[in-house]
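So the structure is just underneath, and the comments pick up after that.
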Amino acid sequence: MTQEAKTATGAPATLWDRTRRLASQEILETALRLFTEQGYDETSMAQIAREAGVSQRTLFRYFGTKEELLGSDQHRFGQVLMDTVGEQPADADAWEVLRAGIAAMLALHDGRERALERFRLLHNTASLRAGYLEKWMRFQADLLPAVEARISTGTTNTRANANAAGETSLRARAVLATVFACLDTATMAWVDNGGEGDIIDLYDACLAGVRG
């Protein structure tokens, strides 16, 4: 049995919703093909619109900037990351919950080849990489309270508690910085290897090397 398509609110998708989603997907596929063939900076929005068979006005209605053509899924990725971290068992530590979140986020990519093309562009195009890393910094800020809760000392002494809170925040930031640095390293290694293996396995190897 096939599952009926749903909108973001959970309501059944209308014909207009499905048509819009298909048009958006076709534009994305066209843009990714052109970026891969001739380079991100060398590809114009006008060319993408022409190749996708839509007007520039229609293209800008779906994607306000060229950057959004590769970064439009980042909000969804961030939401899945946050939701997955929040759903983990209470006795799981910060490293475990973040790994679960990263695995869930990586699973959203629609196919190995598509993911490889996207990561290659993100890592090798300076303007895209800057925006990509900025979004990851936002993810870290959003995750900070959840990670702090996982490593809190739980002391009840007021003064000691204040000191512990500062130490907890410091440790949480260090954990997040390490996790995202390992994820970045893993994706770069995966791209360099031509998409061989799994990013999450490379992430585990990187984190194991850092943590000893």
*Rounded if a/c is under 1.5, else prolate if a/b beats b/c, else oblate: with a ≥ b ≥ c from the C-alpha gyration tensor eigenvalues square-rooted, which is segment 85-212?*
prolate
_Where only alpha carbons of segment 110-153 are counted, the Rg and the Dmax (Å)_ = 14.8, 44
_Taking segment 21-135 and dividing mean pair separation by its residue count, relative contact order in percent (alpha carbons under 8 Å, at least six apart)_ = 23
*What accessible area, in Å² to the nearest ten, does a 1.4 Å probe give for W190?*
10
*asked:* Over the Cα atoms, compute the radius of gyration (one decimal) and Dmax (the largest Cα-Cα distance, rounded to a whole number) for segment 27-67, in Å.
replied: 9.1, 25
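The values are calculated or read from the model by the stated rules, or taken from the named source; none is laboratory data. These numbers were taken from a predicted model, which means no experiment stands behind them. We work out accessible area using only protein heavy atoms, side chains counted, and drop any ligands, DNA or RNA first. Shrake-Rupley method; radii C 1.70, N 1.55, O 1.52, S 1.80 Å.
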